[in-house]
1. Using alpha carbon centroids, what distance separates the range 39-58 and the range 61-92, in Å?
2. Show me the ranking of peptides 43-50, 72-79 by mean Cβ neighbours inside 10 Å, starting with the highest.
3. Where does the charge balance sit around GLY55 when Lys and Arg score +1, Asp and Glu -1, over other residues with C-beta under 12 Å from its C-beta?
4. Hey, how much of the P(r) for the range 2-138 falls beyond 25 Å, as a percent of Cα pairs?
5. Return, for the Cα atoms of the range 64-133, the radius of gyration and Dmax in Å, separated by a comma.
Amino acid sequence: MIVEDQAILAMEIEMVLTDVGCEVVGCAMDQASAFATAERERPDLALVDINLLDGMTGPQVAHRLVQDYGATVIFLTANPEQIPEGFAGAIGAISKPFDEQTLQAAVAFAGKFIFHRTLGETPRRFRLAPWLLTPPEDIAPH
């Protein structure tokens, strides 16, 4: 799933992903359409921009996709300083502009995380979420 307010960029991302065998279940440009797509399609992975058509709602979208739909999220942003502490549950971020290889590497990294719950080597130009670097013994029980 792609959540990006720039239609041309979303189409380019979709082409890159389909070229490597990913099924893109939907594209959304704002919070409401992102939630509608997630409800209908239940994506495994969502690539989410921070700033959408309805404002800086990407972090709320990411949090809900992780919590309510079990999706793995990667932020796509030209403003990495806007990523909230804790990454709203996202596993990492790619700074815009990015190239095809960076996107492919990030999606492959996410695939390992989704299907094997392992991290592997962090791709170049990929900012790993700090919560993934916390040893399990340092995480407080709920």
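FYI, it's all coordinate maths here, none of it is from the lab. Since we're looking at a predicted model, the values are computed, not measured. When we count neighbours, we look across all protein chains shown, and the Cβ atoms used for this are built from the backbone with ideal geometry, even at glycine.
1. 9 Å
2. Numbers: 43-50: 24.0, 72-79: 21.1.
Output ranking for 43-50, 72-79: 43-50, 72-79.
3. Numbers: positive: none; negative: ASP5, ASP30, ASP49, ASP54.
Neighbour charge sum, excluding GLY55 itself: -4.
4. On the way: 1513 of 9316 pairs.
Counting every Cα pair in the range 2-138, those more than 25 Å apart make up 16 percent.
5. Expressed in Å, the Cα Rg and Dmax of the range 64-133 come to 11.5, 31.
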